[in-house]
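Participant: Got a structure for you, questions after.
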Amino acid sequence: MLVHIKELFPENGKNVIGKFAYPAFNTMNLETTLGIISAAEEMNTPVILETSEGAIKYAGLETLYEIMATLAVKAKVPIALHMDHGKNAEQLKRGIELGYSSVMIDHSGLSFEENVRDTKAMVEFAHNEGAWVQGEIGRMRGSEDWVSVSDEEALLTDPSEAKRFFEATGVDTLASSVGTIHGIIKMSGKVQAHVDIERIQKIREAVPNVPLVLHGASGVPDDVIEKAIQAGIAIINIDTELRIGFTHELRVFLASHPDEVDPRKYLNPAIEGVKQVAMKKLKSFKTQNLIKS
Ligand code: 13P
C-alpha cells in the first residue's frame with residue numbers, strides 16, 4: 001500500500017530511533033522497483049522508495065512516479081515515496097504536486113545562511129501541501145548523481161550547527177555528514193569511509209526530535225550499521241549496492257546465455273539481484289517482520 005512517510009514515524013520517530021532504521025532504496029526503473037518491493041514483501045516490512053535527480057533525468061519524473069506509485073498501491077506492505085538530493089526546487093515542487101510525500105532539498109553545498117533560506121522556503125511550500133522535507137547539513141565525500149564533493153571540501157556536520165539548522169528550517173528528517181561516502185568510489189577500496197558514531201550520537205542529542213538519515217551507506221559493514229542505529233540513525237539510504245546486485249546478476253546470466261536477446265528473460269535475474277541485496281539490507285537494518293499480523 002502507498003503511504004505517507006509520516007505514517008512510518010509516529011511520535012517523532014520514537015518507535016524507530018535506537019531500535020531499527022527504515023531503508024530508503026534508490027530506484028531508476030521498473031526492474032529495480034520490482035526487486036525492492038518483492039524484498040519488502042518477503043521480509044514483511046515497510047520501505048521508502050526514492051528517486052534522485054539523475055534517475056529522473058533518465059526516466060522522467062512522471063514516469064518514475066507512476067511506476068513506483070502503481071506498484072506501491074498493489075504492494076502488501078506500506079511503501080512511502082521520497083525525492084532524494086534535490087537541487088532543483090521547482091522539480092521538487094512538481095514532485096510534491098504529483099504525490100511524493102517527502103522530498104530532500106540538498107543545498108548543503110551553499111553557505112549555511114543560503115541552505116537555511118532555501119530549505120525553509122521548501123518546508124513552507126511542502127508543509128502547505130502536506131509533504132515532509134529532508135534537509136542536509138554538512139557535506140559528504142564522493143559522487144551521487146549531481147552531488148560531487150572533493151575530499152578537501154568535505155565537511156563533517158557540527159552538532160550545534162545541526163541544531164541551529166533544524167530550529168531555523170523545521171525540517172522533518174535530517175541528513176548529516178558523518179564520514180560515509182556516496183557512490184561506487186568507496187566500493188573500489190580506493191578511499192576509506194569511516195562512520196563517526198560519536199558524532200551521530202552528538203547530533204542526536206542536539207536534535208532529539210527529528211529522524212536522522214545516513215546517506216552513502218552502501219558497503220558499510222553490518223556491525224557499523226548496528227552501532228549507527230543505536231546512536232540514532234532512523235533512515236539509511238542505499239543505491240550503489242542495488243546497482244551492483246542488478247548488474248552482477250545480469251552479467252552472469254548473459255555470460256552463460258550469450259545468444260539471449262529477450263530483455264524479459266535477462267532482466268529477471270537482474271530483478272532477483274536487486275531483491276537479494278535489498279533483503280540483506282533489511283536484515284541488517286533490523287526491519288524484518290516489522291508488520292505484525
Ligand atoms: P550509496 O551510494 O552508498 O548507496 O548511497 C546512496 C545515497 O546515499 C543516496 O542518497
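Throughout, read-outs are computed from the coordinates displayed, never taken from laboratory work. This is a predicted model, so every value here is computed, not measured. With ideal geometry, Cβ positions are generated from the backbone for all residues, glycine too; neighbour counts draw on all protein chains shown.
Participant: Quickly work out the F112-to-H194 label distance, labels modelled 7 Å from Cα along the C-beta direction, and quote it in nm with one decimal.
Facilitator: Distance between the two pseudo-spin positions: 2.4 nm.
Participant: Something else: Ranked highest first by average number of other Cβ atoms within 10 Å, how do 96-103, 272-279, 231-238 line up? Don't skip to the end; give the middle numbers.
Facilitator: On the way: 96-103: 20.8, 272-279: 22.8, 231-238: 26.1.
Descending mean neighbour count gives 231-238, 272-279, 96-103.
Participant: Which value in deg cm²/dmol, rounded to the nearest 500, describes the helix-derived mean residue ellipticity at 222 nm for the chain, given -39,500 (n - 2.57) per DSSP H run of n ≥ 4 and division by the residue count?
Facilitator: Working: 10 runs with 133 residues, N = 293.
Helices in the chain give a 222 nm mean residue ellipticity of -14500 deg cm²/dmol.
Participant: Per the Kirkwood formula on distinct C-alpha pairs, the Rh of the range 36-181 is how many angstrom? It would help to have the intermediate numbers written out before the result.
Facilitator: Details: mean 1/r = 0.0628 Å⁻¹.
Radius from the Kirkwood sum: 15.9 Å.
Participant: With charges set only on the Cβ (+1 for Lys and Arg, -1 for Asp and Glu), what does the dipole of the chain come to about its Cα centre, in debye to the nearest 20?
Facilitator: 740 debye
Participant: Express in nm, to one decimal, how much length is gained between K163 and T70 on full extension, taking 0.36 nm for each residue of separation and deducting their alpha carbon distance.
Facilitator: Numbers: separation 93, 0.36 × 93 = 33.48 nm, distance 3.76 nm.
Here the answer is 29.7 nm.
Participant: On to the next question. Roughly what angle does helix 240-256 make with the longest principal axis of the chain, taking Cα atoms, 0 to 90 degrees, to the nearest 10?
Facilitator: Helix 240-256 sits at roughly 10 degrees to that axis.
Participant: Oh, and also: Grab the Cα-Cα distance for M1 and E226, subtract it from 0.36 nm times how many residues apart they are, and report the gain in nm with one decimal.
Facilitator: On the way: separation 225, 0.36 × 225 = 81.00 nm, distance 2.80 nm.
Working it through step by step, the gained length comes to 78.2 nm.
Participant: Right, here's the next one. Just how large is the dipole of the range 68-108 about the Cα centre, in debye to the nearest 20, putting +1 at every Lys and Arg Cβ and -1 at every Asp and Glu Cβ? Don't jump to the answer; show the numbers that get you there.
Facilitator: Numbers: 5 positive and 4 negative charges, 41 e Å.
Computed charge dipole of the range 68-108: roughly 200 debye.
Participant: Still on this structure: Assuming R0 = 51 Å, what is the FRET efficiency of E260 and L155, from their Cβ-Cβ distance, to the nearest 0.05?
Facilitator: On the way: r = 48 Å, r/R0 = 0.93.
The computed FRET efficiency comes out at 0.60.
Participant: Shifting gears a bit: Please give the Cα centre distance for the range 1-75 versus the range 207-226, rounded to the nearest Å.
Facilitator: So the separation of the two Cα centres works out to 17 Å.
Participant: Okay, next question. To the nearest 10 degrees, how steep is helix 159-169 against the longest Cα principal axis of the chain, on a 0 to 90 scale?
Facilitator: Long axis of 159-169 versus the principal axis of the chain: about 90 degrees.
Participant: So if I restrict to the alpha-carbon atoms in the range 175-286, what is the Rg, and what is Dmax, the biggest pairwise distance, in Å?
Facilitator: In order Rg, Dmax, the Cα atoms of the range 175-286 give 17.0, 58 Å.
Participant: Right, next: In what order do K19, K93 fall by count of nearby beta-carbon atoms within 10 Å, going from fewest to most?
Facilitator: Numbers: K19 14, K93 17.
Listed from fewest to most nearby Cβ atoms, that is K19, K93.
Participant: Across the Cα atoms of the chain, what radius of gyration and what greatest pairwise Cα-Cα distance (Dmax) are found, in Å?
Facilitator: Cα only, the chain: 18.0, 59 Å (Rg, Dmax).
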